[in-house]
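Since the structure comes first, as structure tokens, the remarks are kept for the end.
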Amino acid sequence: MIMKNDKKTKGQLIEELAALRSELEKLKEEVCSFRMSEERYRDFVENAADGCAEYDLKGRCTFCNKATYSLIGSTRAEYIQRPHRDRFATAEEADRVLAVFREIYRTGMTADLIVVDMLCKDGSVKTLECSISLIRDAQGNPVGFRNIARDLTERKKMEAERERHRTFIDNISDGCYEFDLQGDIIFCNEGLPAIFGYSRDEFLKLDRFRRHVSREYGKYVFRLYDEMYRNNIPSKILEYKILRRDGEIRDYEASVSLIRDPAGKVTGYRGIGRDITERKKIEQEKERYREFFENIEDVCAEYDLKGKCTFCNQAAVRALGYSLEELLHLSHHERYPNREEADKIFNTVHETYVKALPVNVVVANILCKDGKIKAMESSLSLIRDGSGMPTGFRSIGRDVTERLKIERERERYRDFVESIEDACAEFDLRGRCTFCNEAAHRMVRYSRREYMQLRHHQRYASPEEIEQVFKTFNGIYRTGIPARIYTASLLCKDGGTKAVESIVTLIRDAKGNPVGFRNIGRDVTMREKMEEEQERLREQLNQARKMEAIGTLAGGVAHDFNNLLMGIQGYTSLMLLDTDPRHSHYSQLKAIESHVRSGADLTRQLLGYARGGRYEVKPVNLNKIVDKSADMFGRTKKEIVMERDLAEDLWIVDADRGQMGQVLLNLFVNAWHAMPGGGEIYIKTRNVVLERSHVRSLDIQPGPYVKLTVKDTGVGMDEITRERLFEPFFTTKEMGVVRGTGLELASVYGIIKGHKGAINVQSEKGKGATFNIYLPASFKDVVRQDEPQKATLQGRETILLVDDEKSIMDVVGEMIKGLGYRLMTAENGENAVDVYRANPGRIDLVIMDMIMPGLGGGAAIDAIRAENPDARIILCSGYSLNGEAQDILKRGGVISFMQKPFELADLSQKIRGVLDK
């Protein structure tokens, strides 16, 4: 160029050079300015809060500023190397963004405000707002994408929070509102008009005083708000009444705060209000409950599942003596006097928890602070949370210490009343039973219900009893006498009667007015029977004593009479020995002997009555004696029919055959006298075993007996006759019951008693008489009885005769000598022993009187047998074989018995019988 312009002047060259230098300086300034501008842009982009990045058409990052990779917590290199899909939270999000890029590429349009969720390096997600545009080369061809991203995470949170607040305010039932200082509404949610019963539009147009009960009340409410403004109270809870559209007045509560502008000036009120009408009712109800719980005497408490008390009322404090704080800190076991009681309650509570059922009543002993123990009756139930899970227990307890004492006392009384055998009953003034114990209805064999339904007249056995009881009750009612004892016969359900001795008292109400009767009765039926039985036994005892006294007298008379007869009989027998049967005196002597036998029979009856007539007791079969006696009596009394029912296997009895025959004969004669026109006599024998209850009235021992029954069809007898029937010399000739000597039945009684038996009689006038005789069974073998020989036997042996009466000594001595025997005598027991000792071996037989003064016959025999155990002895007495005589015979040895009076032939046979053994 210089070459082309070589013709230019130097000046021109200098000018051009200066121009070039100026352009060069200018170019330097532009480059410097460009560089400064580029640095400024680079710094702007690099330090921008928004993320700036460029991507090629394959989505690879070719540039990113610090904000871009800092947003996701990575380095620049990590971000640039990250594939497209790994940048987003989900695969779906990556596909959505890819679709946006494709649409931008296709249309060339810029995509503004695209929101995407980016995945951070730590796994969290951030929401970005992106603006994406195409990058073109110099020819205008798309070569990539430029993206500016802004982190919307916090803004989204704020918007979400704002949306939640808006939704919350719009959807809550509470009324949210803002008032200006004049009380006009400048904002409200849907809840506020709903509380007043209006729509939102209606409520915003509503005059503010129409929201209240009256205009005056509206002004009062406005003053509540104004007071906050004037006193600069930031917030306050206001409570007042509002008027709904339907005219209903409701309670309203508002949480009000002041609204201030940026300068802090108060511009209005902001409030959240709610209808608290129901809550007020609940609170009032709660207050009533609270006052109720705090003032009742029942202990109300709640416990957690560990047994710790979480709530209790003041009654618990008063009842147990602890403070409220102390009660809340007591452990489960500290509330009870011992571990057993605590464990018992724990098990009950555990059962409530397991079964999830309320426990109606549980009684526990609670330990008070002062050491006393109180009985608490409590009901338990579970406390559940909102999901129904048990969280504790609720208990309502009552101090029942005194009640339990009363109940125990009442139970003792009840047990006592129900357990005693006395009948306890209460009746109203009309005689209806209002209460009775077990004994009352059991006594008359009714159920309790049946007994209480009985009317007054249905309880007693007769109209007289009904009248008597009515008069007794009426007398107590009229006079007010505290108590009266009476006896009445109650009618049992089965038709029987019970004699009941009762005491009746008036029942009075609290005012002292009579309202009924209380009756305590005792069954005295058995007592009356026992008293009757005792009276009967007492009479029997008196009778027995009287008869025993008579018997003792009769026995003594018979003994002395037998001694007299012995003298007569002895001398008569001696005279007959020397008298020819053809002599005129022989028949007279025989007549004397016959009269002696008659007298002996009479004394035998007396001794039989005196229970002294058992002569020879041997095992006998009573049936044979019955047959022999019945046959003999039947042959002589043809008008009497003898019927027999005799047991074939009849047990053996120990008895005197002659006396048993006499008993039967006397009973037959008594029956014959009772049947003057003829009749029947039934004789029956049976084996019986008498229990203790059977023999009480018979005065014999329990055990096996032979029962002999003699029954007639005669005129019978009355009770007075039965009572005196066995008395000696008692006769009723006008009835034809007993005739003759009057000793027949008396001797029967004495003989049976002498055999340790019993006799009783059953009879009614016009219905005959039945005599029952009980004789002890023996179970021995029957002894065969030989017929006695009547020949007079003689001998040459030596006999010692002992008797205290000289007349007996003389006559019996003459009889012994008349029989050919040698005779020695002794006038008493001592003399007899001396004589026997003085003649050892010379005396062959001793005839010993039993009753003597000094040493008696029994003692003398013992002394003689001490000298000679084989001594042969005949015991002789005016008494029969009984008592002492029987005891002497039981001692063993060669001893026999002979009763005075006796004939010479009988004496001879008895002597030979003893000597020849």
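The values are calculated or read from the model by the stated rules, or taken from the named source; none is laboratory data. Bear in mind that the values here come from a model prediction, so they are computed numbers and not experimental data. So basically every Cβ, Gly included, is an ideal-geometry build from the backbone, and we count neighbours across all protein chains shown. The protein model used for the area step is the full one, side chains on, heavy atoms only, and it has no ligands, DNA or RNA in it. Shrake-Rupley method; radii C 1.70, N 1.55, O 1.52, S 1.80 Å.
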Restricting attention to the stretch 71-95, which residues are of a type in the set (S, T, N, Q) and closer than 18 Å to Arg146 by Cα? Gln81
Does Asp370 count as farther than 26 Å from Arg508 by Cα, in contact (Cβ under 8 Å) with a residue 60 or more places away in the chain, of a type in the set (Asp, Glu) and out of contact with any Leu (no Cβ under 7 Å at 6 or more places or on another chain)? no
I'd like to check something: does the stretch 627-643 contain any residue that is closer than 22 Å to Asp712 by Cα, modelled with pLDDT of 90 or more, over 60 Å from the mean Cα position of the chain (by Cα) and open to solvent by 70 Å² or more (accessible area, probe 1.4 Å)? yes
Given the conditions (1) loosely packed, with under 13 Cβ neighbours inside 10 Å; (2) at pLDDT below 85; (3) over 21 Å from Asp151 (Cβ atoms), which single one is not true for Leu13? (1)
Quick check: anything in the stretch 343-354 in a loop (DSSP other than H, G, I, E, B), out of contact with any strand residue (DSSP E or B) (no Cβ under 7 Å at 6 or more places or on another chain) and farther than 30 Å from Glu438 by Cα? no
Tally time: how many residues in the stretch 644-664 are in a strand (DSSP E or B) and either farther than 24 Å from Asn687 by Cβ or open to solvent by 30 Å² or more (accessible area, probe 1.4 Å) (or both)? 4
Residues (without any contact (Cβ under 8 Å) to a residue 12 or more places away in the chain and of a type in the set (D, E, K, R)) located in the stretch 308-343: Glu325, Arg339, Glu340, Asp343
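Could you please let me know if Phe726 is hydrophobic (A, V, I, L, M, F, W, C), closer than 23 Å to Leu622 by Cβ, modelled with pLDDT under 90 and exposed (fewer than 14 other Cβ atoms within 10 Å of the Cβ)? Don't jump to the end; show me each part of the working.
Numbers: hydrophobic (A, V, I, L, M, F, W, C): yes; closer than 23 Å to Leu622 by Cβ: yes; modelled with pLDDT under 90: yes; exposed (fewer than 14 other Cβ atoms within 10 Å of the Cβ): no.
So Phe726 does not fit the description; no.
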Among residues belonging to the stretch 417-464 that are of a type in the set (D, E, K, R) and in a loop (DSSP other than H, G, I, E, B), point out the one that is surrounded by the fewest Cβ atoms within 10 Å (Cβ to Cβ). Arg430
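Taking the stretch 81-94, which residues are charged (D, E, K, R) and either open to solvent by 70 Å² or more (accessible area, probe 1.4 Å) or touching a residue at least 40 places away in the same chain (Cβ under 8 Å) (or both)?
Matches in the stretch 81-94: Arg85, Asp86, Glu92.
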Just to be sure I understand, how many residues within the stretch 425-451 are touching a strand residue (DSSP E or B) at 6+ places or on another chain (Cβ under 6 Å), free of Cβ contacts under 8 Å to residues at least 40 places away in the same chain and more than 21 Å from Glu467 (Cα to Cα)? 4
Result of the Cβ filter at 7 Å on the stretch 652-681, keeping first residues that are modelled with pLDDT under 85 and partners that are buried (at least 19 other Cβ atoms within 10 Å of the Cβ) and assigned to a strand (DSSP E or B), at least 6 apart or interchain, is Arg657/Val620
Where a residue in the stretch 771-796 is closer than 30 Å to Gly820 by Cα and its partner, wherever it lies, is exposed (fewer than 13 other Cβ atoms within 10 Å of the Cβ) and modelled with pLDDT of 85 or more, with Cβ under 7 Å and at least six apart: Gln794/Gly820; Gly795/Gly820; Arg796/Gly820
Only one of Thr107, Thr167 is closer than 30 Å to Ile272 by Cα, of a type in the set (S, T, N, Q) and out of contact with any strand residue (DSSP E or B) (no Cβ under 6 Å at 6 or more places or on another chain), namely Thr167
Taking the stretch 116-139 and keeping only residues that are open to solvent by 50 Å² or more (accessible area, probe 1.4 Å) and touching a Cys at 6+ places or on another chain (Cβ under 7 Å), one is left with Lys126
Residue pairs, Cβ under 8 Å, 6 or more apart or interchain, first in the stretch 196-214 and farther than 15 Å from Asp180 by Cα and of a type in the set (D, E, K, R), second open to solvent by less than 40 Å² (accessible area, probe 1.4 Å) and assigned to a helix (DSSP H, G or I). List them. Arg200/Pro193; Glu202/Pro193; Arg211/Phe196; Arg211/Gly218
Any residue in the stretch 896-907 that is closer than 30 Å to Gly750 by Cα, at pLDDT 85 or above and not in a strand (DSSP E or B)? yes
Candidate set: the stretch 282-319, residues that are assigned to a loop (DSSP other than H, G, I, E, B) and open to solvent by 80 Å² or more (accessible area, probe 1.4 Å); chosen: the one farthest from Ser173 (Cα to Cα): Glu297
All but one of (1) under 25 Å from Gly634 (Cα atoms); (2) surrounded by fewer than 16 Cβ atoms within 10 Å (Cβ to Cβ); (3) in contact with a helix residue (DSSP H, G or I) (Cβ under 6 Å, 6 or more places away or on another chain) hold for Pro676; state the number of the condition that does not hold. (3)
Here the qualifying pairs (Cβ atoms under 8 Å; residues six or more apart or on different chains; first in the stretch 583-595 and without any contact (Cβ under 8 Å) to a residue 12 or more places away in the chain; second exposed (fewer than 14 other Cβ atoms within 10 Å of the Cβ) and not in a helix (DSSP H, G or I)) come out as Tyr586/Asp580
Sort out which residues of the stretch 249-258 are open to solvent by 50 Å² or more (accessible area, probe 1.4 Å) and under 15 Å from Asp174 (Cβ atoms), and write them in order of number. Ser255
Looking only at the stretch 45-75, filter to residues that are closer than 21 Å to Thr153 by Cβ, of a type outside the set (Ser, Thr, Tyr) and surrounded by fewer than 17 Cβ atoms within 10 Å (Cβ to Cβ); which one of those is nearest to the chain's Cα centre (by Cα)? Gly73
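So that you can scan it fast, the table gives a plain yes or no per residue for (1) hydroxyl-bearing (Ser, Thr, Tyr); (2) modelled with pLDDT of 90 or more; (3) under 13 Å from Tyr240 (Cβ atoms):
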| residue | (1), (2), (3) |
| --- | --- |
| Glu178 | no, yes, no |
| Asp184 | no, no, no |
| Glu190 | no, no, no |
| Arg200 | no, no, no |
| Leu206 | no, no, no |
| Lys219 | no, yes, yes |
| Leu224 | no, yes, yes |
Mind checking whether some residue in the stretch 259-281 is assigned to a helix (DSSP H, G or I), in contact (Cβ under 8 Å) with a residue 24 or more places away in the chain, open to solvent by less than 70 Å² (accessible area, probe 1.4 Å) and among the hydrophobic types (A, V, I, L, M, F, W, C)? no
Which one is least open to solvent (accessible area, probe 1.4 Å) among residues in the stretch 503-513 that are free of Cβ contacts under 8 Å to residues at least 24 places away in the same chain and not in a loop (DSSP other than H, G, I, E, B)? Ile503
